Ligand code: GDG
């Protein structure tokens with residue numbers, strides 16, 4: 001498979017870019033950007049030396065360089081990054097509008113949060129066409145076009161042509177049941193666009209099933225057993241291939257001396273017996289508010305942990321221009337203040353709250369220092385933080401929402417329904433009380449899986465299944 005693949009160039013297409021370049025005192029600085037998709041794909045692209053096409057978003061307060069240009073990243077053995085420049089109008093309609101106010105809520109089954117604005121849809125079509133045109137400009141014979149995620153559902157359709165390129169899609173977020181998906185006025189156009197791909201993969205079997213079912217509803221012929229959709233004379237193979245992490249580098253880093261010192265410093269800065277860690281992008285799907293309610297319940301039900309367990313909650317800003325997200329942040333700030341006001345003592349507060357994004361390396365000492373990792377997404381495609389936490393731990397316990405894609409693969413976690421306050425409060429207690437032998441047993445089995453089903457396994461498995469379509 002490796003040899004066959006190395007003959008062909010991989011062209012990866014995504015909305016988010018992996019790096020940002022900007023000036024600091026006349027010098028160009030490169031900054032790695034956080035996010036589930038880019039974390040997983042950047043190391044892979046560095047290995048295969050392909051082309052990555054993405055929106056070069058930059059930041060308002062920086063003069064962004066190399067917008068709309070091709071650049072090598074990282075500087076040496078990297079790959080080529082081609083940025084697509086979007087106008088403010090395109091950002092508003094395509095990104096903040098259709099992607100974030102229709103595709104995101106519907107795929108996460110938050111129907112009441114969707115805004116089916118027709119202008120958003122037109123902008124989504126236009127920008128997807130722009131991506132497709134940019135791909136076509138670069139296209140070489142035998143290229144493999146690998147498109148990522150919900151911002152770009154129409155691109156496969158725009159690329160389709162007789163003897164057109166090999167096109168696949170990896171969908172990073174959930175695919176919902178037909179009952180939710182059918183509310184989108186342009187549901188058929190979206191599915192038809194996607195079905196122009198030769199291969200589509202999701203994180204879990206449930207998302208695959210939901211997708212096949214939606215395809216059937218719009219009149220495609222679906223072979224549920226072999227997971228093949230036939231529509232308008234072409235075939236699409238569908239499969240679940242869960243994204244893994246770069247396990248080796250996580251576990252190496254976890255034992256690096258410098259990193260161990262940082263972990264110790266984190267540990268020493270909290271004067272309590274137990275540390276519980278949670279980190280999320282600010283998003284209603286991450287279940288931050290549900291978690292806070294359960295934390296309140298936990299201290300009320302288990303007062304022996306007052307002053308004995310500290311929760312460190314990091315929240316990374318996201319979609320800061322959207323009003324709904326601003327309001328959510330205000331509610332979170334208020335709830336944390338309420339809990340802290342209710343339980344704190346002179347030298348201790350139950351929740352230490354940080355708002356701001358940090359590079360992944362800075363999260364790792366927190367992962368390692370924490371006795372418990374707390375993930376309570378109300379729904380999530382996968383959730384890489386769950387895997388990263390376990391990869392660096394040698395003693396901790398993971399509490400994981402049964403609604404995160406990762407729950408299908410991490411049997412050793414304590415699974416919870418995040419809407420069930422009492423169950424979640426009890427799970428925190430169970431995790432804190434778990435004896436060492438049990439903790440080690442659970443971690444051992446999780447680590448074996450994470451090591452085997454890592455990012456390389458995911459990439460090879462995806463490519464193998466995709467290339468099989470052309471045998
Ligand atoms: C989407 C789906 C799916 C670095 N700094 C921060 C931060 N990072 C890194 C984490 C982790 C990644 O960002 C976050 O990944 P997630 O998987 O948790 O979440 P999404 O960004 O929502 O990603 C998700 C993923 O795509 C991959 O397919 O798993 O379901 O929604 O690698 O180390 N993360 C946070 N704050 C930081 O300051 N939260």
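The values are calculated or read from the model by the stated rules, or taken from the named source; none is laboratory data. Quantities reported herein were computed from a predicted structural model and do not represent experimental measurements. Positions of Cβ are backbone-derived with ideal geometry, glycine not excepted, and every protein chain shown enters the neighbour counts.
Tell me, yes or no, whether the stretch 413-420 has at least one residue that is more than 29 Å from residue 113 (Cα to Cα), free of Cβ contacts under 8 Å to residues at least 40 places away in the same chain and not assigned by the TED database to the domain that holds residue 105.
For the stretch 413-420, residues more than 29 Å from residue 113 (Cα to Cα), free of Cβ contacts under 8 Å to residues at least 40 places away in the same chain and not assigned by the TED database to the domain that holds residue 105: present.
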* Structure fact -> residue 409: passes all of (1) away from the ligand (no atom under 11 Å from the Cβ); (2) over 22 Å from residue 445 (Cβ atoms) but (2)
* Structure fact -> Out of (1) free of Cβ contacts under 8 Å to residues at least 60 places away in the same chain; (2) surrounded by 21 or more Cβ atoms within 10 Å (Cβ to Cβ); (3) in contact with a strand residue (DSSP E or B) (Cβ under 6 Å, 6 or more places away or on another chain), the one residue 216 does not meet is (2)
* If residue 440 passes every condition in (1) within 16 Å of the ligand (Cβ to nearest atom); (2) surrounded by fewer than 24 Cβ atoms within 10 Å (Cβ to Cβ) but one, which one does it miss? -> (1)
* So how many residues does the stretch 310-349 have that are more than 16 Å from the ligand (Cβ to nearest atom) and either touching a helix residue (DSSP H, G or I) at 6+ places or on another chain (Cβ under 6 Å) or in a loop (DSSP other than H, G, I, E, B) (or both)? -> 8
* Structure fact -> Scanning the stretch 357-375 residue by residue, those within 12 Å of the ligand (Cβ to nearest atom) and either under 24 Å from residue 296 (Cβ atoms) or free of Cβ contacts under 8 Å to residues at least 24 places away in the same chain (or both) turn out to be 362, 366, 373, 375
* Output the residue which, of all residues in the stretch 424-465 that are outside any helix (DSSP H, G or I) and touching a residue at least 24 places away in the same chain (Cβ under 8 Å), is nearest to residue 292 (Cα to Cα). => 434
* When the stretch 275-296 is examined, which residues are found to be assigned to a strand (DSSP E or B) and under 20 Å from residue 397 (Cα atoms)? -> 275, 276, 277, 278, 279, 280
* For residue 200, indicate whether it is crowded, with 18+ Cβ neighbours inside 10 Å and in contact (Cβ under 8 Å) with a residue 40 or more places away in the chain. => no
* Where residue 419 falls short, out of the listed (1) surrounded by fewer than 22 Cβ atoms within 10 Å (Cβ to Cβ); (2) in a loop (DSSP other than H, G, I, E, B); (3) within 14 Å of the ligand (Cβ to nearest atom) -> (3)
* Structure fact -> Here, helices (runs of 4 or more DSSP H) confined to the stretch 156-244 with at least 3 residues that are within 16 Å of the ligand (Cβ to nearest atom) and either in the same structural domain as residue 407 (by the TED database) or under 24 Å from the mean Cα position of the chain (by Cα) (or both) are 205-217
* **Test result for residue 351, in contact with a strand residue (DSSP E or B) (Cβ under 8 Å, 6 or more places away or on another chain) and crowded, with 24+ Cβ neighbours inside 10 Å** => no
* Working only within the stretch 267-308, note down all residues that are over 24 Å from the mean Cα position of the chain (by Cα), more than 18 Å from residue 337 (Cα to Cα) and modelled with pLDDT of 95 or more. => 274, 275, 301, 302, 303, 304, 305, 308
* Being touching a strand residue (DSSP E or B) at 6+ places or on another chain (Cβ under 6 Å) and either within 15 Å of the ligand (Cβ to nearest atom) or part of a strand (DSSP E or B) (or both) is the filter here, so list the residues in the stretch 253-274 that pass it. => 274
